[in-house]
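Colleague: One structure, as structure tokens, below. Some questions next.
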Amino acid sequence: MLKINIDMKSLILTFLFFYLHSIPALSSAGYDSSTTASNATGFIRTSCSATLYPDLCYASLSGYANAIQQDPARLARTAIGVSLSRALHMAAFVSNLSREAYCGADTRASSALHDCFSNMGDAVDEIRGSLNQMRKLVAPGSESFRFQMGNVQTWMSAALTDEETCTDGFEDVGDGPMKEAVCERAANVKKFTSNALALANSYAEKGTN
């Protein structure tokens with residue numbers, strides 16, 4: 001179960017920021033930097049076209065073009081990192097809501113928030129596991145690679161399911177600002193996870209063919 005407090009959340013997000021920005025760029029020796037950047041963003045846009053939310057995919061990943069270059073492994077790894085950040089924000093948001101006084105008087109809302117937080121905590125753990133696995137990938141084509149990517153795909157799929165389950169309990173909660181905020185944010189988080197899973201699936205397919 002994920003336990004979030006302000007200091008831990010900030011520490012994780014700080015680590016994630018530096019991790020994503022520390023991915024070494026491919027050598028650009030002999031290439032014009034503007035051409036290299038253009039090729040990288042073009043690669044990201046083309047790769048994102050295979051996701052369910054291509055515009056969101058491109059908008060969230062194009063800022064990392066210099067680090068990603070035209071490397072599908074880095075693209076998938078960065079997408080997973082971005083989805084982890086979103087899931088962490090969502091878990092913290094739900095945790096804060098659950099402490100609001102007005103929820104205490106509504107047992108259905110309190111129960112739904114508790115269950116949502118539990119599911120988002122599981123999703124965070126699964127996405128984090130996927131990110132750690134991506135950092136340890138062996139060369140594509142081997143049985144170990146297939147096993148590792150299988151783990152990533154399984155965990156990201158599980159995270160997506162947990163994120164979808166997050167809002168199930170709100171079906172019995174009356175409409176209002178709190179329910180709307182949670183459901184909208186959860187839907188947004190699911191889009192990032194879905195895109196990351198699609199890019200991981202694409203890389204796994206390329207690496208095993």
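Colleague: Counting only residues that are at pLDDT 65 or above and of a type in the set (S, T, N, Q), which one in segment 23-56 is most open to solvent (accessible area, probe 1.4 Å)?
Modeller: 46
Colleague: Just give me the residues in segment 57-94 being among the hydroxyl-bearing types (Ser, Thr, Tyr) and crowded, with 24+ Cβ neighbours inside 10 Å, in sequence order.
Modeller: Those that are among the hydroxyl-bearing types (Ser, Thr, Tyr) and crowded, with 24+ Cβ neighbours inside 10 Å: 78, 83.
Colleague: Okay, next question. Here are some conditions: (1) open to solvent by 50 Å² or more (accessible area, probe 1.4 Å); (2) touching a residue at least 24 places away in the same chain (Cβ under 8 Å); (3) of a type outside the set (Gly, Ala, Ser); (4) not in a helix (DSSP H, G or I). Residue 175 meets all but one. Which one does it not meet?
Modeller: Failed condition: (2).
Colleague: When segment 135-166 is examined, which residues are found to be assigned to a loop (DSSP other than H, G, I, E, B), open to solvent by less than 50 Å² (accessible area, probe 1.4 Å) and on the phi < 0 side of the Ramachandran plot?
Modeller: 137, 142, 166
The values are calculated or read from the model by the stated rules, or taken from the named source; none is laboratory data. Note that this is a predicted model, so its numbers are computed, not measured. Ideal geometry is used to build each Cβ from the backbone, glycine not excepted, and the neighbour counts take in all protein chains shown. Heads up: the accessible areas ignore ligands, DNA and RNA and are worked out on the full protein's heavy atoms, side chains in. Shrake-Rupley method; radii C 1.70, N 1.55, O 1.52, S 1.80 Å.
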